[in-house]
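For reference, the structure discussed in these notes is given below.
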Amino acid sequence: MKEKNKAKNILKEYATITVGMFIVSASVYYLMMPNSFVVGSISGLVMVLANFIPLKVSTMTMILNVALLIIGIVFVGKEFGGKTVITSLMLPVYLRIFETVTPDVPPLTDDMFINMLCHILVISIGQAILFNVNASSGGLDVVAKVLNKYLHFEIGKSLTIAGFVTAATSILVYDRKTLVVSLLGTYLYGIVLDNFIDGFSIRKRVCILSKKYPEIQQFVVHELHRGATLYPAAGGLDNQEQTEVVTILEKSEYAKLLAFIHETDQSAFVTVSTVSEVIGEWNKHKKNRLRKAE
């Protein structure tokens, strides 16, 4: 059963990667390439090189990604796993399919700035899906990790530097308007992507003071399949001893808990805060319960 669940999870991860890379590739081909702006990425650099090298975009993307993978493996090493290799190869494969099926794609609108915003929105969704399964689309991520290892730049700053340098190459073949849109797009892309990624990982930290804390604790543990921590507390006005229940939940689980509290104890005092990241065995308890149910 354990091996079966492991295989199922791996299959689910790679299915998610396939969908995420499809969205990323479609955004590059249908939204960025027809408008000739260069939002900092390997695909943007390929668009510039296409003006000097008589090769298809998909072919040049494959060459650059393979070259970067080799550089990454040589200079960084084990950090480049199977997911990075697969996503780096998926992009040129998808681009070749799009080139064959729809060779001539017109811009979405006549406004380059609107097209750039649409591209950022769509590609950020794809990238966030990839990051949610601990994957990336490769390309400049390899450059960022090399800069991080040898120049000790933070990964985020390394990606920003590589992105801006790539976007700046647009001036070699396009006008100043395209350069400005490309640089602005690269900056906005980082902001939007961060928000999408945060959206996947945001949790609710719920603190409950209630005389009926045993019932609430049981609901969290047995109905929501989440952990709960009990803290002794004392009121500041009357020094009356109480017990506080603290738990971390997903948004949908928080809504269920709130409904249960309203039914169980309307006088309960509840405070809620947003948690952007949870590290550790937060999800282990729930997974074990689900496995037993299977």
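Summary table
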| quantity | calculated |
| --- | --- |
| Which listed residue is within 18 Å of G44 (Cα to Cα) and in contact (Cβ under 8 Å) with a residue 12 or more places away in the chain, from L184, L209, L258 | L184 |
| Neighbours by Cβ (under 7 Å, 6+ apart or cross-chain): first from the stretch 8-36, farther than 28 Å from A167 by Cβ; second open to solvent by 10 Å² or more (accessible area, probe 1.4 Å) and not in a helix (DSSP H, G or I) | E13/V133; T16/V133 |
| Odd one out for L121, checked against (1) over 22 Å from L159 (Cβ atoms); (2) in contact (Cβ under 8 Å) with a residue 24 or more places away in the chain | (1) |
| Tally, over the stretch 202-257, of residues that are part of a strand (DSSP E or B) and hydrophobic (A, V, I, L, M, F, W, C) | 11 |
| Unique match (being surrounded by fewer than 16 Cβ atoms within 10 Å (Cβ to Cβ) and either more than 24 Å from M60 (Cα to Cα) or under 21 Å from the mean Cα position of the chain (by Cα) (or both)) among T109, T102, T186, T84 | T109 |
| In the stretch 118-140, the residues that are on the phi < 0 side of the Ramachandran plot and open to solvent by 30 Å² or more (accessible area, probe 1.4 Å) | C118, L121, V122, I125, I129, F131, N132 |
| Cβ pairs under 7 Å, 6+ apart, first in the stretch 40-55 and more than 14 Å from V165 (Cα to Cα), second assigned to a loop (DSSP other than H, G, I, E, B) and open to solvent by 40 Å² or more (accessible area, probe 1.4 Å) | N51/V173 |
| Answer from Y174, Y150 - the residue that is more than 22 Å from D194 (Cα to Cα) and open to solvent by 80 Å² or more (accessible area, probe 1.4 Å) | Y150 |
| Residue under evaluation V165, criteria (1) surrounded by 15 or more Cβ atoms within 10 Å (Cβ to Cβ); (2) part of a helix (DSSP H, G or I), criterion not met | (1) |
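Let's see how each residue does on (1) over 14 Å from P92 (Cβ atoms); (2) within 23 Å of the chain's Cα centre (by Cα):
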| position | (1), (2) |
| --- | --- |
| K4 | yes, no |
| T16 | yes, yes |
| I23 | yes, yes |
| V38 | yes, yes |
| S43 | no, yes |
| I53 | yes, no |
| K56 | no, no |
| I63 | no, no |
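The values are calculated or read from the model by the stated rules, or taken from the named source; none is laboratory data. Bear in mind that the values here come from a model prediction, so they are computed numbers and not experimental data. Counting neighbours? That spans all protein chains shown, and the Cβs are built from the backbone with ideal geometry, glycine included. Keep in mind that these areas ignore ligands, DNA and RNA; they rest on the heavy atoms of the full protein, side chains included. Shrake-Rupley method; radii C 1.70, N 1.55, O 1.52, S 1.80 Å.
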